[in-house]
Amino acid sequence: MKNLLKSILTVCLALLSLVQINAQQKRKMENTALLIIDVQNDYFPGGKMTLEGAEQAGKNTKGILEYFRKNNLTVIHIKHISTNEGATFFLPETTGADIHSLVSPLANEKVIVKHFPNSFRETDLLQYLQSKNIKSLVITGMMTDVCVESTTRAAFDFGFSNTIIGDATATKDRELNEIVVKAAEIQRSFLAGISALGNLYTRISNTQDFVNGK
């Protein structure tokens, strides 16, 4: 009987500890918003600018989105519309520019249209974040080395604490001086660079660790 009571007490204490951890995690996230950058059809297979690993990055972004929705946290979708001369993708009024169905916005989720890589440039993103008293950003999306990077660096300059979900981002092969640089190398290099100096601009996490509170 004594051993049974001891076991019950141990289980109760473990459950109480878990509840406290979850409560602390929720309080920690109260001033955090999710930015989903340019998860649009043209970046997926069949689109006009297909990225390496777009489908997996999209699925991981969906996992992060579900976490934010479950916890009633702020979600912001960034949608790029190309207005520059000679643009070949994300053209106005095309299905390629539509946000992918994996992360379709809900009616109560903010959608911000941008025309430059930096999501803050000539948009109301900063004002919206300030109106929600947001202090920290969780960043997912595409492309890692262009819109994700430029937005993250700008966010740091505006005083936000940032986390990029590395496996919820994607890019493509590049070419420099007639040498092809593979997407995987670019991905690693840019994530390593932007998190350098003790995570100055951002820390890097992954989908599983983030949703598990690590």
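Numbers at a glance
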read-out	value
Any chance residue 84 is in contact (Cβ under 8 Å) with a residue 24 or more places away in the chain, exposed (fewer than 12 other Cβ atoms within 10 Å of the Cβ) and not hydroxyl-bearing (Ser, Thr, Tyr)	yes
Considering residues of region 110-121 that are β-branched (Val, Ile, Thr) and open to solvent by 60 Å² or more (accessible area, probe 1.4 Å) only, the residue farthest from residue 143 (Cα to Cα)	111
Whichever residue in region 94-132 is in a helix (DSSP H, G or I) and under 15 Å from residue 42 (Cβ atoms) and, among such residues, is farthest from the chain's Cα centre (by Cα)	95
Flag if residue 124 is without any contact (Cβ under 8 Å) to a residue 60 or more places away in the chain, open to solvent by 40 Å² or more (accessible area, probe 1.4 Å), under 16 Å from residue 75 (Cα atoms) and of a type in the set (D, E, K, R)	yes
Output for region 133-148, where each listed residue is part of a helix (DSSP H, G or I) and touching a strand residue (DSSP E or B) at 6+ places or on another chain (Cβ under 6 Å)	144, 145, 147, 148
Residue match in region 54-71 (condition: of a type outside the set (S, T, N, Q), crowded, with 17+ Cβ neighbours inside 10 Å, outside any helix (DSSP H, G or I) and modelled with pLDDT of 95 or more)	no
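The values are calculated or read from the model by the stated rules, or taken from the named source; none is laboratory data. Just so we're clear, the structure is a prediction, and the values are computed from it rather than from any experiment. We place every Cβ from the backbone using ideal geometry, glycine too, and count neighbours over all the protein chains shown. Ligands, DNA and RNA are stripped out before the accessible areas are found, and what is left, the full protein with its side chains, is counted by its heavy atoms. Shrake-Rupley method; radii C 1.70, N 1.55, O 1.52, S 1.80 Å.
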